1. Under the rule a/c < 1.5 gives rounded, and otherwise a/b versus b/c splits prolate from oblate, where does the range 508-650 land using the Cα gyration tensor?
2. Set the Förster distance to 41 Å, then compute FRET efficiency between LEU471 and LYS527 from the Cβ-Cβ distance, nearest 0.05.
3. First measure r as the distance between the Cβ atoms of LYS353 and ASN131, then evaluate 1/(1 + (r/R0)^6) with R0 = 45 Å and state the FRET efficiency to the nearest 0.05.
4. At 7 Å along Cα-to-Cβ for each site, give me the label-to-label distance between GLU484 and GLU594 in nm.
5. Need the full-extension length gain, GLN652 to LYS280, defined as separation in residues times 0.36 nm minus the C-alpha distance. One decimal, nm.
6. Using a probe radius of 1.4 Å on heavy atoms only, what accessible surface per residue do you get for the range 648-728? Whole Å² is fine.
7. Over the range 703-794, with every protein chain in place, what whole percent of the accessible area is carbon and sulfur at 1.4 Å, could you tell me?
8. For the range 301-357, count all C-alpha to C-alpha pairs, find those more than 15 Å apart, and express that count as a whole percent of the total.
Amino acid sequence: MPKHPKHLGEIQNQRNKNKQKLSKFAPGKVTLQVLGTGTKGAPRSLYVFSDQSRYLFNCGEGTQRLAHELKLKLAKLEHIFITHPSWQNIGGLPGITLTMQDVGVPSVNIHGPTGLQELFHAAKKFVILKNMDISFAESNPKELFEDNVLKVQYVALKRHLEALPNEFPEDEHMDDIDISHGNQLGMNEDEKVDETTATGKHKRSKSISSYLSEDNSSTSSDTSSNSSTTRSNDFNNSFCVTKDKGISMCYVCRLQPRPGALCLEKCVALGVPPGPLLGKLKSGEDVTLQDGRVVESKQVCEPDDPGPIFIVVDCPTEEYISSLIDNDVFKKYQKFAENDEDAASVVVHFTPKRVMDDPRYQSWMKSFLTSTQHLILNETNTCMGSIAVHRIQHKLNMIHPKIFPLLGDNGTKVADEEILKHDKSHKSDGNKELNVLSADTLTAIHLRPRKGLDRSEEIRLKPKEYINETLCIEGFSTALHDVESNVQISKYDEMVKEYPKVLFLGTGSCIPNKTRNTSGIILETGKEQRILLDCGEGTYGQIVRFFGKSKCDEVLSSLKAVYISHIHADHHIGLIGVLQNRRRALKHLNMEHEPVILLAPIQLYSWLSFYDHFFERIKDEYEFVSNSDLLYTGHRLNNITYDRIIQKLNMQEISTCFVKHCPNAFGIAFSLEDGSKITYSGDTMPCNDLTILGRNSDLLIHEATMEDDLEHEALIKMHSTTTQAIEIGKKMEAKYILLTHFSQRYAKLPRFNENFADNVGIAFDNMQVRMDDLPSLPHFNSALRLMFAEHYDEMEQKAMKRQLRNEKENESNLEKHKILKTQ
């Protein structure tokens, strides 16, 4: 849970004191550990931790969720190094910085190609960092970064345009990029972000200062205007280097030297008494004993550790290979290093497989010593990194195998004694000339002390254990039998209508946890017709995890529309990843490219425009429709466009309304061709307009962030309690209500109350329901409560303590009131 703001200052001060105390010494333990393997749907990220501080190399979407599950302490993370400014490397930065702020991190330094700081400036509407400072290193190849743990040399690779053509369109025509994104369907002229010429050809009409300063429009002084212009020019120049020239930053990292450890046994043998002489010997001084004998430091200390070297390389396309192999910096650490200490111990490759397979790249790898380990973090790996999602799905699958199917992700190995034995002895992946290492999550290489490769902590699934521990719960077998009797799964399934179908990809709020990702729902209206409702960080990974790596491309290719309810990060930060991977899916399946319909608040447009213009091309992946043009009080979208959209989505009608959350937050109702109606609240407190919009819905999907006891907190944050959500469903006369968007407090299960009627269900990640499945959901509640009994009892105890505390406060306030009244 996030730290209370009043405690953040104390926490930050204490951490700064501890840091200053340790900064005088080189750490005794330093390990490289794989966080994200880079496989399809997973981030690619390397965690470097010492007994003092932490470092992260690349931060793709989903990094913060993995770090949370694996209990890697983000509170000690001080530096983030980015190689190439693509979404697969930076997509997790907004989320991880918000999480770091919540746990009290005072500051973080980001290293990488020029312009990364502007990502945060452009995202300031939804990435609000009030209690943490972010600084950006210049990453100048002529300078070093150095602290008490590492020395880092920056090595910039540049794109050579005469090389082979790129595979993906976002890398093409970088010198002719404009900022006119996807057709802006139905927008009024005052809503459009870009202008066009009379011929319809897009032009660069909007300056970068208007992208980055639109939130500061109230500042009208000449000084502010001049500053904005200067910032604009500097920013445009910096991105000419970053995007047009295609800088990819590599890092040569050397651990700081560490004096050899003092051997007490040798000291005793030589007669050195306890006391200050030991300290002098440890610090490298020779000492004279009382009997006149001189004891040299080297006699009682282990050899000094000069600091091993590891290199982080990212060669995004074949166009960068020439810059890589011609760079003299790397040659200092290869076969012909001046001394053994300068030869690289490890090279970490973020480079894609197709580039690594290039003979030139292979030759470059062979220029290192045969003892150099090459750790690969790309799509050739298979592990997606999470045990928790498989664990809970195996448990829920026991309740209903159709509604909670086992996940399609089979890339994470299942625990087996023979497999584990093989893995522990497995040092290389069969390349005789190169020491190449594939990676699973938590693959480690110990640099100090030099223990080398360690696969003992790599994650493994234990399905039998998950099932057995659930069956051992007292009363669960009986509850499971009751579910089977009431639902009659095998017989009932034959009569169920296949569409519409709803798949929950993320049912948590704000920050993802082990079992609930941030918001994301797929509404399947017919065969090969899908709509994505909200798109929190890691949504693409959830699609891969549910459907599997082979089928996910088919699912993405059938995605016809994306709806974003509001611009809080947990509802849209995964959109860029989904758009990029949908394009790749269409290409892989040899299907005609067709943009998705993007229904969203107009405020999202400037963020997407910014990203396209200065990072990667995404403008061709969507057609933008403002949510405000679909208000139930009166559509402003022209009829031809509207009719085309509803036909494409298998709909009779689509309407929106403003809801009570943040400015420009929306709810939406879909009336399908088969006559059914589905309403989605997005984030909101109880809202009358939503009640009107969703009147007579067959299904209401409503947020239920808080339990009833926390109604005051829900009011402050403009969310709903479980009972408030259920009451909205009753008022709109919805047939069924599904609750979602639960606070982190309810990682597994919300608290039930008497308002949970027989038409109310609870949403879980990776839960798939058809309309005819909805009557079954309330029958699961007893089994769910037993399945998560420990978690549920803990929530009940917290609620009881909260109630007692409130009663004491009320009594105290009443006494004070009486005293004041008598005075």
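1. On the way: a/c = 1.38, a/b = 1.17, b/c = 1.18.
Judged from the Cα gyration tensor, the range 508-650 comes out rounded (a/c under 1.5).
2. The calculated FRET efficiency here is 0.65.
3. Values: r = 41 Å, r/R0 = 0.91.
Plugging the Cβ-Cβ distance into 1/(1 + (r/R0)^6) gives 0.65.
4. My value for the distance between the label points is 4.4 nm.
5. Details: separation 372, 0.36 × 372 = 133.92 nm, distance 8.35 nm.
Stretched fully, the GLN652-LYS280 segment lengthens by 125.6 nm.
6. Values: 2620 Å² over 81 residues.
Result: 32 Å² per residue.
7. Values: 1620 of 3460 Å².
Exposed carbon and sulfur together represent 47 percent of the surface.
8. Details: 912 of 1596 pairs.
Distances greater than 15 Å cover 57 percent of the Cα pairs.
The values are calculated or read from the model by the stated rules, or taken from the named source; none is laboratory data. Quick caveat, the model's predicted, so the values are computed rather than measured. Virtual Cβ from ideal backbone geometry, glycine too; neighbours counted across all protein chains shown. Areas reflect the complete protein model, heavy atoms only, side chains present, ligands, DNA and RNA absent. Shrake-Rupley method; radii C 1.70, N 1.55, O 1.52, S 1.80 Å.
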